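See below for the structure under consideration.
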Amino acid sequence: MRHTTLTIRIAVRPLALFAAAAGPAVAQPTAEEIVARSLETFYYAGEDQRARVTMRLINPQGKERRREMTVLRKNLGSGGEQRYYIYFHTPADVKGTTFMVWKYPAREDDRWIFIPAIKLVRRIAADDKRSSFVGSDFTYEDVSGRELKDETHNLLGEEDLDGRPVYRIESVPKAKVDYVRRLSWIDRERGLPLKEEYYDVRGELLRTFTADEVREVDGHWTATRRTMRVAQSGHRTEVVYEAVSYDVGLGEALFSERYLRRPPRQWIR
């Protein structure tokens, strides 16, 4: 397994255009093409993925709560359909909780959560996708991804984000959600979003996402350290992906209610 580490310090420097670069002119991709590649790179790398994930929920005073989980993800064909399975190892009050998503490209996703304390599988309503994921500053949609068509996209230009050439994209949701504008800084070479800012109707910053560390794993660029910060409260959630592997051979049968209740031990150790 090959690991190449790149640490991203978020500091936007003045606009850096690349028109003067030597060589023949290359047609600039559209905003939709840039965002489509970003979603593909961030959410669809490989045929499947397994990772051990540590999540730290940190309040403005520095007090933190930790969650550890295993994340399994499988792509179904080339049409954009996916399956996600998340098992919580710690803390004790959520140990054994499992979360599953069936992601569809043309309609609302199906989401379920199994709560072991009451031995209940609960369906999560489609309109809950923008709510907090297990109390963190990430939403359910942040975990399993959004659809390209759910927003209109505009390329604002090209910049330098601490040494990395990036596209700056403005995305505006077509339906009413908790934000009205999202700015993204997308790595031109690797396709990953390195920073995102969400704004409300008054133009005030709501949340900021940063990819704090990017590593190449099994030939796929992966944001192995991620942070989501809430502007008004000062609360933040830091996520670290460890033991990441791709194309491990996950079967589609793993992503069923049976395994919500009886986790597949060989994959979540």
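The values are calculated or read from the model by the stated rules, or taken from the named source; none is laboratory data. Values in this document were obtained by computation on a predicted structure and should not be read as measured data. Note: ideal-geometry Cβ built from the backbone for every residue, glycine included; neighbour counts use all protein chains shown.
Details
- Residue count, segment 52-78 (criterion: touching a Ser or Thr at 6+ places or on another chain (Cβ under 7 Å), free of Cβ contacts under 8 Å to residues at least 60 places away in the same chain and either buried (at least 18 other Cβ atoms within 10 Å of the Cβ) or among the acidic types (Asp, Glu) (or both)): 1
- Matching option when the condition is at pLDDT 95 or above, farther than 30 Å from residue 118 by Cα and surrounded by fewer than 18 Cβ atoms within 10 Å (Cβ to Cβ), among 240, 244, 180: 180
- Only one entry in 191, 163 is on the phi > 0 side of the Ramachandran plot and modelled with pLDDT of 95 or more, namely 191.
- Among the residues listed as 140, 104, the single one being among the aromatic types (Phe, Trp, Tyr), surrounded by fewer than 19 Cβ atoms within 10 Å (Cβ to Cβ) and either closer than 23 Å to residue 39 by Cβ or touching a Pro at 6+ places or on another chain (Cβ under 9 Å) (or both): 104
- Here residue 56 meets the list (1) more than 22 Å from residue 178 (Cβ to Cβ); (2) at pLDDT below 90 almost entirely, failing just condition (2).
- Annotation: residue 90 fulfils all but one of (1) buried (at least 18 other Cβ atoms within 10 Å of the Cβ); (2) of a type in the set (Ser, Thr, Tyr); (3) within 27 Å of residue 262 (Cβ to Cβ); the unmet one is (1).
- The set of residues in segment 114-136 being in contact with a strand residue (DSSP E or B) (Cβ under 6 Å, 6 or more places away or on another chain), surrounded by 13 or more Cβ atoms within 10 Å (Cβ to Cβ) and at pLDDT 90 or above consists of 114, 121, 136.
- Unmet requirement for residue 157, which otherwise passes all of (1) farther than 25 Å from residue 101 by Cα; (2) at pLDDT below 95; (3) among the small types (Gly, Ala, Ser): (2)
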